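Take a look at the structure set out below.
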Amino acid sequence: MQTPLQIVFHGISHSDALEAHIREKVEKLDLLHPLVTRRHVAGERPHKHKHQGDHFNVRIALHVGDTIAVNRDAHEDVYVALRDAFEAACRQLEDSSRSGRGAVKHHREQPRDASEADLQ
């Protein structure tokens, strides 16, 4: 059973455009892996430091039997931070689905030359 998407903003004023962008990205993840049961996305702007400009952090938590967590920090553009975080989440979902299907490649150990064995 899938729970509703949770979107949280900390230190960022709510934006309908930003929320729509997040929902669009989550829909693409749902198509990639339909067994995601819980989705939580948090965007935050940490306290401003005097030597830095505004930076945004994005945290994504997905539950697919296991929990997949993605943290992307310190981007000056919130949309770039979202893009990077969702790309990382997509890669982790793909890895999770590949290992669940048993489609992970296992490398065979290469036979060693006799000369290498003599050195040891």
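A17 satisfies every condition listed in (1) open to solvent by 50 Å² or more (accessible area, probe 1.4 Å); (2) among the hydrophobic types (A, V, I, L, M, F, W, C); (3) over 15 Å from Y79 (Cα atoms) except (3). Scanning the range 20-37 for residues being within 15 Å of V78 (Cα to Cα) and open to solvent by less than 40 Å² (accessible area, probe 1.4 Å) gives a total of 1.
Scanning the range 53-83 for residues that are aliphatic (A, V, I, L, M) and loosely packed, with under 12 Cβ neighbours inside 10 Å yields one hit, A74. Those helices (runs of 4 or more DSSP H) of the range 10-120 in which at least 2 residues are modelled with pLDDT of 80 or more, considering only elements entirely within it, cover 16-32, 78-101.
The values are calculated or read from the model by the stated rules, or taken from the named source; none is laboratory data. None of these values were measured; they are calculated from a predicted model. Cβ sites come from the backbone with ideal geometry, for glycine too, and all protein chains shown count toward neighbours. Just so you know, the surface numbers come from the protein's heavy atoms only, side chains and all, with ligands and any DNA or RNA stripped out. Shrake-Rupley method; radii C 1.70, N 1.55, O 1.52, S 1.80 Å.
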